[in-house]
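Visitor: Dropping the structure in here first, questions after.
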Amino acid sequence: MTLSGALVGIGILQAIIYLLFIRAIDLYEREPLRYVVPVFMWGFAVATTISLVFNTIASVTFDAVVSKEAASFLTAVFVAPVVEECAKGLALLIIFVVAYLASRRRRLIEFAGVMDGIVYGAAVGFGFALAEDILYGMQYGAETFLVRRIFGGFAHAAFTSLTGIGIGLIPFVHNRVLKAVPPLLGLLGAILLHATFNFLATVFGAVAYLFMILVVLAYLTVILVWLTIERRAIRGELREEVAEGLISPEEYAILPTFFRRTVHYLRLILTGHLGAWSRARRVHSAAVDLAFAKSLARRSPAPSRVERVQALRRKIVDLRTQAEPRVST
């Protein structure tokens, strides 16, 4: 059974659904698509090409000195994880630098924290997995493509999310010398996780997918814990803003809870208050950004972070001013 265009289309649709799903899990500060999509495309095109070249070179080299089976094992377990995770991780490093440079102008860090790292890591992983599965499907047939899509769709996303988490923790490290430690540990963890999966897949076959189920469950736990931390940060950091009159008590009651905010937005939409819905979303988004910016500034009160907090406060004031009806004279 050959790989058809329809199956490839279904695979692409599946990857897009996965991407939108993992982005939607970031309940409080969703990453801009202008960053997420290029990361996905890097995984699909650039990281796949880099990996294909270096993995092929390694396989041919090993094949010259050991048996074909041994060469395949060595490449899968010892070479591919290093090459592929470095190729995918490079996209995360680039987008982190781009987001950091943009933050100097916008006073807002777009890539910070565990959840951001998971989103970007998963994005590049989904792109890479899609391209890899298409290549395997063209070589081994549609059945292989379907099995890899159904059971292994989250594998590369899970691997590279560790690198993303490490990069996302950079803003939380005070010492400049130590800022390189989290991303390096994250990359090492991604390589080890990838190598473990490839070892299990090579030696024990389907057992590797049972291993991935445990990995995904571990990620779900990490996500729930981090979202709890973010909710507490919003509640704690915005309490002062209520006292200062920047945030209303009604807004403070719904901002930390995704369900309450969603119900509030639906009520505005269903009652035809589309303008109020749009303004509320912008104000609430700025308020959440303010809470996270204050949390970072509290950990390390660098001048740029304090300035970022003040800029977000001014932004909220400006948004409310724009929303006020103008009185004609």
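Visitor: So, of the residues in the stretch 17-59 that are open to solvent by less than 30 Å² (accessible area, probe 1.4 Å) and among the hydroxyl-bearing types (Ser, Thr, Tyr), which turns out to be nearest to Ala122 (Cα to Cα)?
Guide: It comes out as Tyr35.
Visitor: Mind listing whichever residues of the stretch 160-201 are in a helix (DSSP H, G or I), open to solvent by 60 Å² or more (accessible area, probe 1.4 Å) and modelled with pLDDT under 95?
Guide: Residues satisfying the conditions are Val177, Leu178.
Visitor: Which one of these is open to solvent by 10 Å² or more (accessible area, probe 1.4 Å), part of a helix (DSSP H, G or I), at pLDDT below 95 and under 30 Å from Gly205 (Cβ atoms): Tyr100, Tyr136?
Guide: The conditions single out Tyr136.
Visitor: In addition: Which residues, taken from the stretch 223-251, are small (Gly, Ala, Ser) and within 21 Å of Ala24 (Cα to Cα)? Steps first, please.
Guide: Applying the first criterion (small (Gly, Ala, Ser)) to the stretch 223-251 yields 233, 236, 243, 245, 248.
Ala233 - this is the single residue of the stretch 223-251 that is small (Gly, Ala, Ser) and within 21 Å of Ala24 (Cα to Cα).
Visitor: Please indicate, with yes or no, whether at least one residue in the stretch 44-55 is in a helix (DSSP H, G or I) and closer than 20 Å to Val203 by Cα. Break it down into steps so the answer makes sense when it comes.
Guide: Filtering the stretch 44-55 down to residues in a helix (DSSP H, G or I) leaves 44-55.
Narrowing further to those that are closer than 20 Å to Val203 by Cα: 55.
Yes.
Visitor: Provide a single number: the residues in the stretch 294-309 that are at pLDDT 90 or above and either of a type outside the set (S, T, N, Q) or farther than 24 Å from Arg231 by Cβ (or both).
Guide: 2
Visitor: Shifting gears a bit: Is there any pair with a first residue in the stretch 71-93 that is touching a residue at least 40 places away in the same chain (Cβ under 8 Å) and a second that is open to solvent by 30 Å² or more (accessible area, probe 1.4 Å) and among the polar types (S, T, N, Q) whose Cβ atoms are under 6 Å apart and which are 6 or more apart or on different chains, and what are they?
Guide: Partner pairs satisfying both residue conditions: Phe73/Thr202; Ala76/Thr202.
Visitor: All but one of (1) touching a Gly at 6+ places or on another chain (Cβ under 9 Å); (2) on the phi > 0 side of the Ramachandran plot hold for Gly189, so report the exception by its number.
Guide: Single failed check for Gly189: (2).
Visitor: Quick check on Ala76: is it more than 29 Å from Pro171 (Cα to Cα), buried (at least 17 other Cβ atoms within 10 Å of the Cβ) and of a type in the set (Gly, Ala, Ser)?
Guide: yes
Visitor: Go through the stretch 219-276 residue by residue and tally those that are more than 29 Å from Ala158 (Cβ to Cβ) and either of a type in the set (A, V, I, L, M, F, W, C) or open to solvent by 50 Å² or more (accessible area, probe 1.4 Å) (or both).
Guide: 28
Visitor: Give just the number: which of (1) touching a Phe, Trp or Tyr at 6+ places or on another chain (Cβ under 8 Å); (2) open to solvent by 10 Å² or more (accessible area, probe 1.4 Å); (3) among the hydrophobic types (A, V, I, L, M, F, W, C) does Phe62 not satisfy?
Guide: The failed condition is (1).
Visitor: Only one of Glu241, Glu237, Glu230 is touching a Gly at 6+ places or on another chain (Cβ under 9 Å) and in a helix (DSSP H, G or I). Can you tell me which? Please lay out each step first, then the result.
Guide: Working: Glu241 fails: touching a Gly at 6+ places or on another chain (Cβ under 9 Å); Glu237 fails: touching a Gly at 6+ places or on another chain (Cβ under 9 Å).
After applying the criteria, what remains is Glu230.
The values are calculated or read from the model by the stated rules, or taken from the named source; none is laboratory data. What you see is a predicted model; the values in this text were computed from it and never measured. Cβ sites come from the backbone with ideal geometry, for glycine too, and all protein chains shown count toward neighbours. Just the protein is used for accessible areas: all its heavy atoms, side chains included, with ligands, DNA and RNA removed. Shrake-Rupley method; radii C 1.70, N 1.55, O 1.52, S 1.80 Å.
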